[in-house]
Structure formats: C-alpha cells, structure tokens
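The values are calculated or read from the model by the stated rules, or taken from the named source; none is laboratory data. Predicted, not measured: the structure shown is a model, and the values here were computed from it. When we count neighbours, we look across all protein chains shown, and the Cβ atoms used for this are built from the backbone with ideal geometry, even at glycine. All accessible areas refer to the heavy atoms of the entire protein, side chains included, with ligands and DNA or RNA removed. Shrake-Rupley method; radii C 1.70, N 1.55, O 1.52, S 1.80 Å.
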Amino acid sequence: MTLMAASKWVGDFLQPHSVYSLSQALLGHPFYDYNEPPSTLFTHTLAEIIPPPHTMKEIRLAVEAGEVALSILRERLGLLHRHGLTDAGLMLVSREGWLCGYITQTELEYALNNLTSFSGGTRCRMLPLPGESGTPDLEDLSVFVDRTPLMMGKDTPVEVVAQVFGKVGCRYVCIVEDGKGVGVLIKKRF
C-alpha cells in the first residue's frame, strides 16, 4: 500500500495532470476542457458574423403549431439553391422567435423528394406535438429535424466556436440570444 501511495505522490510531483487527461492528449482524442479559458487570439464574437437580416429572413422558418405548408418548404429550398448554399438549412422558430429546431438542406431535399406527387397546399408536420401519435392529413417531416441543435450565445468568442467545430465535429451552430434564434454559422463558411 505504501508503495502505491509513494508512486502516486511521485507521479503528482512530476506531472500535475491526470492519467486520463494525458492519455486523451496522447491519443489525440477530441477533448474540450471547459475549465480552461480559451486562448484569445482575437476579440471577435459570434455577433459580428451573424448572417445579414435579408439572409436570416430566408433561412428562418416560423412554424405555426409545429406545421408548415409544403409550398413554403419548396420555396425556401429553392432560395437556398439560388444562393448557392449547399450545406445550409432552415432554422425552425416559433412565432415569438424561440429556436425550435434546425433542418439541413440535404435532409430537406430528401424529404421533399419523397413528396413530389403532393400539392403545395399539403401541410407538413415539422415538430412533433407532445402526446400526438400522428395526424393522417399531415405529412410527418419531424424525423428530419434536429430538435436539439448546438446553440451558442451571440457573445461567444470566435475562438470557442473554432474549438467546438474542430473538437466536436458539428457542421453548424445556431446562434441564440435569450433562447431566440438570431443566426446560423456553417462550418464550411466559417
């Protein structure tokens, strides 16, 4: 027992970090140390790189009671194509602006390709309602929606976002202010 204690003390004296932290670093596994403040190279925040208001108007989709018309989805997908945004998507927000989810352009394209024979007036369920087991007159697209997108406040330093993109491996980050969706940052454009 005393030999183990002595080896622990010597190890702590030579290296203050835990064996777990050292093995993560040695093996190159992604590890975001939230206790360690980021090294600030710049003083920029996400607020400075929020897309312009006209772009946000096109990628924000207000979902009334969790549903939207198929024609609106087709129109928004066309706007994304015309702008050349290949890895973008739509932010789903409530009438009050609360962020409810995010659907990527590729998921939206796939879902709409399955609905080519439907008319534009068809209603699509984008967000499941609690206790609802499916409505026969609605096309359910809620399976394609990311209900818990990675969100960051608009005052988040850009360095933290760079670390999150690099270590977490996400493709987009939704920018929020007091829970309301104000922007999206796509990794490819970052």
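Residue check: Val143 meets all listed conditions (1) assigned to a helix (DSSP H, G or I); (2) in contact (Cβ under 8 Å) with a residue 60 or more places away in the chain; (3) open to solvent by 30 Å² or more (accessible area, probe 1.4 Å) but one, namely (2).
Consider the stretch 54-69 and keep the residues that are modelled with pLDDT under 90 and under 16 Å from the mean Cα position of the chain (by Cα). The one that is surrounded by the most Cβ atoms within 10 Å (Cβ to Cβ) is Ile59. Put simply, of Arg76, Arg95 the only residue that is among the basic types (Lys, Arg) and part of a helix (DSSP H, G or I) is Arg76.
For the stretch 41-69, a residue qualifies if it is closer than 20 Å to Trp98 by Cβ and in a strand (DSSP E or B), and the qualifying residues are Arg60, Leu61, Ala62, Glu64, Glu67, Val68. So in the stretch 4-44, with the set limited to residues that are of a type in the set (Val, Ile, Thr) and within 24 Å of Val158 (Cβ to Cβ), which one is modelled with the highest pLDDT? The qualifying residue modelled with the highest pLDDT is Thr43. Residue check: Ile72 meets all listed conditions (1) modelled with pLDDT of 90 or more; (2) within 19 Å of Ile50 (Cα to Cα); (3) among the aliphatic types (A, V, I, L, M); (4) open to solvent by 20 Å² or more (accessible area, probe 1.4 Å) but one, namely (2).
If you check Leu150, Leu129 for being more than 14 Å from the chain's Cα centre (by Cα) and in contact (Cβ under 8 Å) with a residue 12 or more places away in the chain, only one passes: Leu129.
Looking across Gly179, Gly153, one residue alone is surrounded by fewer than 18 Cβ atoms within 10 Å (Cβ to Cβ) and at pLDDT below 90. It is Gly179.
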